[in-house]
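Novice: What follows is a single structure, and I will ask about it in a moment.
Rule-based calculations on the coordinates, nothing more; no lab input. Model, not experiment: these values are computed from the prediction. Here Cβ is always computed from backbone atoms with ideal geometry, including for glycine, and neighbour counts include all displayed protein chains.
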Amino acid sequence: MYLVAGLGNPGTKYSGSRHNIGFMSADGLAGRLEGGEWKKGFAALYTEIYYEREKLLVLKPQTYMNRSGEAVREAARYYNIPADNVIVLHDEMDLPLGALKVKQGGGSAGHKGIISVTEHLGTPEFKRVRIGIGRPKGGLDSTAHVLGTFEKSQTDEVARVVEISADAVCEIIKNGIEIASNKYNKRNKECPLESNQRDSRIKQPKKEEV
């Protein structure tokens, strides 16, 4: 059994924000695999689906981003799901919009949701689908950037990367993290990181819910 957690902030205030692309991807995955209605439980919204004879618990924590790990831990403990079978979908400023990266383990790059999941699972060794949202332009604060909505001109690109993130989850489950990484990380050559993004770090958010 796998736990697939899309990270974001609850409520209409944050609906459609860059920080909620994990929620969007969870919705896309559940829709593609014909998941049932979203239910309340584990301090989250969740639905159960199947892929390749594997049961998937798709989760959208409702605890705000910086406490996402609480919901992930509760659901993982209830179903006895090991960290190795946890897949987290989340936004990534160090990747441009349209790019994504599949990986297992590693640091948080300052992402509050990943910090929380790591703390509550007791290990960073869970799988991740990092979905690029790009860095702020024109001196915009990073908090305002992630909590802001995508531009209208980006609508098609957002829809495309959400669809590809669902593909990546299916690839991880079907063929494993190594094959998925090799397949999807190569896509980034088509939309490479800008030079000023490669070595930059995410500025620590100021708002609690980020």
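Novice: So, in nm, how far is label R32 from label N185 when the simple model puts each one 7 Å beyond its Cα toward the Cβ?
Specialist: 2.0 nm
Novice: Residue by residue, what Karplus-based ³J(HN,Hα) values in Hz, rounded to whole numbers, does the stretch 130-138 have, using 6.51, -1.76 and 1.60 with θ = phi - 60° and x for Gly and Pro?
Specialist: Taking θ as phi minus 60°, the curve returns 8, 10, x, 10, x, 9, x, 10, x Hz for the stretch 130-138.
Novice: Sticking with this one: Among K152, K39, K101, whose mean-square fluctuation peaks in a Gaussian network model of the chain (Cα, cutoff 10 Å)?
Specialist: Ranking K152, K39, K101 by mean-square fluctuation puts K152 first.
Novice: From the phi angles alone, apply the Karplus equation (6.51, -1.76, 1.60; θ = phi - 60°) to the stretch 45-54 and give each ³J(HN,Hα) in whole Hz, x where the residue is Gly or Pro.
Specialist: 9, 8, 9, 10, 9, 10, 8, 6, 6, 9
Novice: Also: Longer than 32 Å from Cα to Cα, which of K39/K137; K13/K186; K112/K183 are they? Say none if no pair is.
Specialist: K39/K137; K13/K186
Novice: Something else about it: Working out 0.36 nm times the residue gap between A144 and K39, then minus their Cα-Cα distance, what length gain in nm do you get to one decimal?
Specialist: Taking A144 through K39 to full extension adds about 34.8 nm, to one decimal.
Novice: Under the definition of Cα pairs under 8 Å and six or more residues apart, what whole-number percent is the relative contact order of the stretch 2-98?
Specialist: 39 percent
Novice: Given bins 10 angstrom wide, list per bin the percent of all Cα-Cα distances in the stretch 1-86, short to long.
Specialist: Percent of pairs per bin, in order: 19, 54, 25, 2.
Novice: Please build a GNM for the chain, connecting alpha carbons under 10 Å apart, and tell me which residue among G139, G98, G122 fluctuates the most.
Specialist: Looking only at G139, G98, G122, the largest GNM fluctuation is found for G139.
Novice: Sticking with this one: Starting from the 7 Å offset along Cα-to-Cβ, what nm value, one decimal, do you get for the label separation of R77 and E48?
Specialist: 2.0 nm
Novice: Ok, one more. Using Cα springs under 10 Å in a Gaussian network model of the chain, which residue among N182, N85, N66 shows the largest mean-square fluctuation?
Specialist: N182
Novice: For a quick size check, give me the Cα extents of the stretch 46-124 along its three principal axes, largest first, whole Å.
Specialist: Cα spread of the stretch 46-124 along its principal axes, largest to smallest: 33, 26, 22 Å.
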